[in-house]
1. Quick check, is Lys60 surrounded by fewer than 10 Cβ atoms within 10 Å (Cβ to Cβ), of a type outside the set (A, V, I, L, M, F, W, C) and either at pLDDT 95 or above or on the phi < 0 side of the Ramachandran plot (or both)?
2. Can you pull out every residue in segment 10-40 that is of a type in the set (Val, Ile, Thr) and in a loop (DSSP other than H, G, I, E, B)?
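The values are calculated or read from the model by the stated rules, or taken from the named source; none is laboratory data. Quick caveat: nothing in here was measured; it's all calculated off a predicted structure. Here the Cβ positions follow ideal geometry from the backbone for every residue, glycine too, while neighbour counts run over all protein chains shown. Heads up: the accessible areas ignore ligands, DNA and RNA and are worked out on the full protein's heavy atoms, side chains in. Shrake-Rupley method; radii C 1.70, N 1.55, O 1.52, S 1.80 Å.
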Amino acid sequence: DAWIILNGDALDVTKWIPIHPGGEQAIMAYLGKDATEEWVMIHKPGTVEKNMQHLKNMGKVSGAAAAAAPAGGAVDDSPPPPDGDGGIPG
């Protein structure tokens, strides 16, 4: 079986790999991993549901990998800029 994690669900993608429109390698790189972050940047909402005849939902995953990506995609977790003008006049 070949599976990935999307939004906290383990999905068996074995039957989807040979017919994936983006090619087999696009999925193969994420087998056994949480592909949520990359997936939400590429796919429209409803894509999984539209293709469920080729997928099997194996259930929820617990632990760090189960954290779903935010609806807006990646989170900016960089520290805020320091207070002041940074020594730049004007």
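1. Considered against the rule, which asks whether it is surrounded by fewer than 10 Cβ atoms within 10 Å (Cβ to Cβ), of a type outside the set (A, V, I, L, M, F, W, C) and either at pLDDT 95 or above or on the phi < 0 side of the Ramachandran plot (or both), Lys60 comes out as no.
2. Listed by number, the residues that qualify are Val13, Thr14.
To keep it simple, each residue is scored yes or no on (1) out of contact with any His (no Cβ under 6 Å at 6 or more places or on another chain); (2) open to solvent by 100 Å² or more (accessible area, probe 1.4 Å); (3) modelled with pLDDT under 95.
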{"position": "Trp16", "(1), (2), (3)": "no, no, yes"}
{"position": "His20", "(1), (2), (3)": "yes, no, yes"}
{"position": "Glu24", "(1), (2), (3)": "yes, no, yes"}
{"position": "Glu38", "(1), (2), (3)": "yes, no, yes"}
{"position": "Ile42", "(1), (2), (3)": "yes, yes, yes"}
{"position": "Ala71", "(1), (2), (3)": "yes, yes, yes"}
{"position": "Pro79", "(1), (2), (3)": "yes, yes, yes"}
{"position": "Gly86", "(1), (2), (3)": "yes, no, yes"}
{"position": "Pro89", "(1), (2), (3)": "yes, yes, yes"}
